[in-house]
Amino acid sequence: MVAPAAIVATLAPPAVAAPGVNARVEVGATLVASSVTAEEIERRASARDRARQAEIAELRASYQAAVEAGEARAAELEARLIDAQDQLVADLAADSGAYAREIAVFRGAIESIASTPEGAVALARFNDGDRAGAIAVLDDLRAARDAARQVRADLESASEAREIAVLALDARAKGDPAFDTAAVVARYEEVVELDPGAHWDWIELTRLYRAAGRTDDAIAAAERATETADTDHGRVAALTETAGILLSRGDRAGALERYEQNLAIMERLSAANPTSTEVSRNLGVVLGSIGDIRLSQGDRAGALAIYRRSLEIARRLSAAEPDSSIYTRDLTVPMSKIADVLLSQGDRAGGLEQYGRVLEIQEGLLATEPGSSEYARDVSVSLNRIGDALLSGGDQAGALERYRRSVAIAERLSTADPASVNRAHDLGVSLHRVGDVLADQGDRAGALQVYERSLAIGERLSAADPDSANMADLVSVSLNKIGDVLLDQGDADGALERYRRSLGIAERLAVADPTSIDITRGALIPLDRIGEVLLARGDVEGALESYGESLAIAERLYAADPSSAELSRSVSVSLNNVGDILLEQGDRDGALERFERSLEIASRVAAADPDSAELARGVLVSNVKMSFVTRESRYLEAALAILLDQQARGVLLPEDERFIPVIQGMLSQ
């Protein structure tokens with residue numbers, strides 16, 4: 001046991017504080033340089049804010065130089081630096097309630113750290129870039145103090161743990177490899193164990209669990225966040241987190257219930273505060289989330305009405321503040337969602353026109369703030385969406401031009417911020433689109449080069465944060481695409497090796513998070529591709545096993561989320577794959593049973609969404625399969641009717657047009 005005298009000696013401050021370290025200076029520097037402040041400044045996209053950041057950085061450098069040189073002007077520079085730092089944070093907080101709440105939490109932790117000379121010194125090291133060293137010092141200080149004050153309550157220890165966790169989280173947001181997801185999760189797990197009543201700790205832990213692919217843990221943490229919330233904004237944040245997790249598990253009804261609870265809260269707040277721009281903006285966000293679920297359920301009309309209501313809110317705010325880039329940018333969110341609905345209805349011209357307006361707004365914002373990474377990313381995302389729409393209409397050249405412009409932006413942003421995980425991930429995803437078009441055009445070498453580059457990005461990100469499901473998925477998708485090109489080039493062995501590596505990643509992620517539909521679905525593509533390669537090699541039993549495993553996964557996921565059109569397609573495709581092999585083996589009854597089930601699922605889902613050309617294509621394929629087994633012309637007639645109807649409505653996929661004369665010829669025989 002530590003002697004009382006030793007405890008007093010440990011807790012007592014040193015007689016002389018470290019020279020050159022002013023607690024107020026370091027607290028202000030940490031607040032100004034925090035990821036919270038950086039994100040707010042990026043959101044505001046104000047050249048004045050960035051100029052103030054630069055001025056503060058120059059002032060700090062001058063102040064430090066004066067202190068080291070022992071110059072008399074150090075005191076005057078110190079006062080100016082403190083005032084500049086405090087004023088920037090105060091101005092940002094005055095303009096944004098969300099920022100004010102977040103920075104208040106962060107300030108509390110930082111001021112507590114700086115309340116001792118040792119803490120102030122550690123904070124100075126953190127601000128000078130030695131984040132790992134600073135946090136290590138604070139860890140050491142905390143451990144020593146815990147040993148000396150064993151009788152102190154857990155809440156006091158939790159307070160210190162939270163302060164350090166806040167800094168570790170900030171370091172992770174800045175891309176510091178010393179603080180990956182698993183390391184920061186461990187810190188917050190300790191915090192909530194010691195003090196389970198703090199609402200925002202549970203929010204942070206929920207987000208970290210989701211990043212690590214720990215869905216069960218994430219939803220449990222989100223529920224605790226809801227229980228501990230003592231404000232409406234806190235409840236909205238917790239319910240939003242829960243809804244996002246439920247969506248990843250295929251529980252659209254549960255997610256919709258949470259979003260509607262949020263809608264009730266926001267409508268009540270809006271009625272009580274009709275002039276509050278923050279409440280109005282949050283109401284628009286909630287409406288957008290509800291619209292997304294309606295759209296995923298096939299309710300295009302309902303989604304469109306909700307998106308238009310969200311757009312009206314954005315228009316009203318923009319009209320009230322016409323010079324505000326924030327509200328102008330808000331307009332593009334519901335506009336993009338409306339474009340998505342139009343495209344899903346087969347109105348490619350209307351969707352492209354709407355996206356064109358969105359892109360025009362975004363490029364205008366970027367022209368006024370060319371240094372804004374967020375505005376540049378907005379443009380990149382819209383270029384990808386326009387490319388997708390052009391590609392669906394058969395315009396490969398137009399799509400490739402947009403994709404390459406998007407890649408150029410993503411590459412510039414990633415180069416400017418090499419520590420940003422998100423910027424690098426954006427680049428990897430954009431590269432996939434370029435590779436897809438090159439592969440479709442027959443440029444296999446070009447496609448392979450692009451996919452390999454995306455793979456290198458994914459492997460680097462995944463190695464730095466091995467617990468991130470998102471980064472691992474980028475690697476898995478890249479491997480699948482590389483395998484496809486190698487298979488087209490005749491390298492079946494190389495393709496099979498990539499598919500099996502991809503499957504290994506998907507299976508590892510599924511074991512870590514078996515409840516996530518999104519993660520489990522990642523195994524379907526490599527399993528189908530492996531079956532394809534094995535079948536081409538004559539390994540019918542191996543192919544049947546791989547296709548069967550894919551079918552079992554797809555059916556399990558579809559049972560959990562029967563309203564999912566995407567999962568229904570996966571089941572239908574897997575049934576057709578298994579049926580093809582059974583037919584080749586002479587098992588006509590087995591093949592017929594699979595094809596009938598495939599046709600039933602495809603027809604039911606397409607009937608619920610008659611405007612979807614993609615769902616109609618599934619019915620088309622299943623009818624053709626049925627004609628092979630039964631030799632009945634009615635199935636070919638049904639397939640031809642689908643093609644002719646889509647052709648008449650102008651929504652026929654370009655690659656399907658060639659089937660019209662083929663089926664007509666088969667029927668004429």
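Quick notes on this structure:
- Of all residues making up the range 456-466, the number that are open to solvent by 60 Å² or more (accessible area, probe 1.4 Å) and part of a helix (DSSP H, G or I): 3
- Selected residue (only one of VAL434, VAL450 is open to solvent by less than 50 Å² (accessible area, probe 1.4 Å), without any contact (Cβ under 8 Å) to a residue 40 or more places away in the chain, under 21 Å from the mean Cα position of the chain (by Cα) and at negative phi): VAL434
- Candidate set from the range 181-199 (those that are in contact (Cβ under 8 Å) with a residue 60 or more places away in the chain and buried (at least 18 other Cβ atoms within 10 Å of the Cβ)); member that is farthest from the chain's Cα centre (by Cα): VAL185
- One residue stands out in the range 365-399 among those that are without any contact (Cβ under 8 Å) to a residue 24 or more places away in the chain and outside any helix (DSSP H, G or I): the one that is farthest from ARG617 (Cα to Cα), namely PRO370.
- Test: GLN362 is within 26 Å of ALA38 (Cα to Cα) and open to solvent by less than 30 Å² (accessible area, probe 1.4 Å): yes
- Among all residues of the range 69-90, there is none that is within 29 Å of SER280 (Cβ to Cβ), within 28 Å of the chain's Cα centre (by Cα) and surrounded by fewer than 20 Cβ atoms within 10 Å (Cβ to Cβ).
- Only one entry in SER468, SER454 is polar (S, T, N, Q) and closer than 22 Å to ALA397 by Cα, namely SER454.
- Residue list for the range 379-425, filter: within 30 Å of SER35 (Cβ to Cβ), acidic (Asp, Glu) and at pLDDT 95 or above: GLU411
- Residues of the range 163-195 satisfying the condition of being assigned to a loop (DSSP other than H, G, I, E, B) and under 15 Å from SER420 (Cβ atoms): LYS174, GLY175, ASP176, PRO177, PHE179, ASP180
- Residue match in the range 467-480 (condition: assigned to a loop (DSSP other than H, G, I, E, B) and either surrounded by fewer than 23 Cβ atoms within 10 Å (Cβ to Cβ) or in contact with a Leu (Cβ under 9 Å, 6 or more places away or on another chain) (or both)): yes
- Helices (runs of 4 or more DSSP H) fully within the range 490-539 that include at least 1 residues being charged (D, E, K, R) and over 20 Å from GLY250 (Cα atoms): 492-512, 524-536.
- Among the residues of the range 297-320, those that are farther than 16 Å from VAL286 by Cβ and either under 25 Å from the mean Cα position of the chain (by Cα) or open to solvent by less than 60 Å² (accessible area, probe 1.4 Å) (or both) comprise GLN297, GLY298, ASP299, ARG300, LEU304, SER318.
- For the range 53-64, the set of residues classified as open to solvent by 40 Å² or more (accessible area, probe 1.4 Å) and of a type outside the set (S, T, N, Q) consists of ALA54, GLU55, ALA57, GLU58, ALA61, listed by residue number.
- Unique match (being more than 20 Å from ASP378 (Cα to Cα), in contact (Cβ under 8 Å) with a residue 24 or more places away in the chain and small (Gly, Ala, Ser)) among SER270, SER276, SER310, SER296: SER296
- Of the criteria (1) in a helix (DSSP H, G or I); (2) open to solvent by 50 Å² or more (accessible area, probe 1.4 Å), which one ASP230 fails: (1)
- Picking from residues in the range 322-352 that are free of Cβ contacts under 8 Å to residues at least 12 places away in the same chain and farther than 30 Å from LEU652 by Cα, the one that is least open to solvent (accessible area, probe 1.4 Å) is SER324.
- Flag if ARG453 is part of a helix (DSSP H, G or I) and at pLDDT 95 or above: yes
- Among the residues making up the range 200-231, those that are polar (S, T, N, Q) and either touching a residue at least 60 places away in the same chain (Cβ under 8 Å) or under 17 Å from ASN470 (Cα atoms) (or both) are THR206, THR215.
- Residue count, the range 267-296 (criterion: open to solvent by 70 Å² or more (accessible area, probe 1.4 Å) and farther than 14 Å from LEU317 by Cβ): 4
- The range 604-620 - residue that is among the hydrophobic types (A, V, I, L, M, F, W, C) and within 29 Å of the chain's Cα centre (by Cα) and, of those, most open to solvent (accessible area, probe 1.4 Å): ALA608
- Residues satisfying the stated conditions in the range 632-649, i.e. open to solvent by 30 Å² or more (accessible area, probe 1.4 Å), modelled with pLDDT of 90 or more and either under 38 Å from the mean Cα position of the chain (by Cα) or not hydrophobic (A, V, I, L, M, F, W, C) (or both): GLU632, SER633, ARG634, GLU637
- Count of residues meeting criterion [in a loop (DSSP other than H, G, I, E, B) and either open to solvent by less than 30 Å² (accessible area, probe 1.4 Å) or aliphatic (A, V, I, L, M) (or both)] in the range 407-427: 2
- Criterion: assigned to a helix (DSSP H, G or I), at pLDDT 90 or above and open to solvent by less than 10 Å² (accessible area, probe 1.4 Å) - qualifying residue of ILE581, ILE553: ILE581
- Number of positions in the range 592-635 that are outside any helix (DSSP H, G or I), in contact (Cβ under 8 Å) with a residue 24 or more places away in the chain and among the acidic types (Asp, Glu): 2
- Taken as a whole, the condition of being in a helix (DSSP H, G or I), of a type in the set (A, V, I, L, M, F, W, C) and open to solvent by 20 Å² or more (accessible area, probe 1.4 Å) does not apply to LEU652.
- Contacts under 7 angstrom Cβ, first residue in the range 41-62 being at positive phi and of a type outside the set (A, V, I, L, M, F, W, C), partner crowded, with 17+ Cβ neighbours inside 10 Å and not in a helix (DSSP H, G or I), 6 or more apart: none
The values are calculated or read from the model by the stated rules, or taken from the named source; none is laboratory data. Model, not experiment: these values are computed from the prediction. Ideal geometry is used to build each Cβ from the backbone, glycine not excepted, and the neighbour counts take in all protein chains shown. Protein only, heavy atoms only, side chains kept; ligands, DNA and RNA dropped before computing areas. Shrake-Rupley method; radii C 1.70, N 1.55, O 1.52, S 1.80 Å.
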